[in-house]
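The values are calculated or read from the model by the stated rules, or taken from the named source; none is laboratory data. Predicted model only: the values in this text are computed from it and were never measured. Please note: Cβ atoms are built from the backbone with ideal geometry, for glycine as well, and neighbour counts cover all protein chains shown. Calculation scope for accessible area: heavy atoms of the full protein, side chains included, ligands and nucleic acids excluded. Shrake-Rupley method; radii C 1.70, N 1.55, O 1.52, S 1.80 Å.
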Amino acid sequence: MKPIFVQLQCAPGKTYEVADAIYKKEIVSEMYSTSGDYDLLIKVYVEEGEDIGKFINDNIATVPGINRSLTTLTFNAF
């Protein structure tokens, strides 16, 4: 399993509903933005060799309460 970090912009009041709906995740941080939305940074785990874009489209992008996915970051452990 490989961790990736995804930053999501959630509708007000939907942060924990969004997080609860995403499988194999850890909440890293929650930030309130001046636009009135909430930015949620989560760490999710994908299988080695799994297409990250497809994983996000299938498991994250369709969750109600997400306004948009801002970034996806991958890190290598040292």
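Values for this structure:
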quantity: Some residue of region 16-36 being touching a Gly at 6+ places or on another chain (Cβ under 7 Å), open to solvent by 60 Å² or more (accessible area, probe 1.4 Å) and in contact (Cβ under 8 Å) with a residue 12 or more places away in the chain; calculated: yes
quantity: Residue count for region 37-51, restricted to those that are open to solvent by 60 Å² or more (accessible area, probe 1.4 Å) and more than 13 Å from the chain's Cα centre (by Cα); calculated: 5
quantity: Number of positions in region 5-56 that are hydrophobic (A, V, I, L, M, F, W, C) and farther than 20 Å from Asn67 by Cβ; calculated: 2
quantity: Total residues in region 21-67, condition in contact with a strand residue (DSSP E or B) (Cβ under 7 Å, 6 or more places away or on another chain), at pLDDT 80 or above and acidic (Asp, Glu); calculated: 1
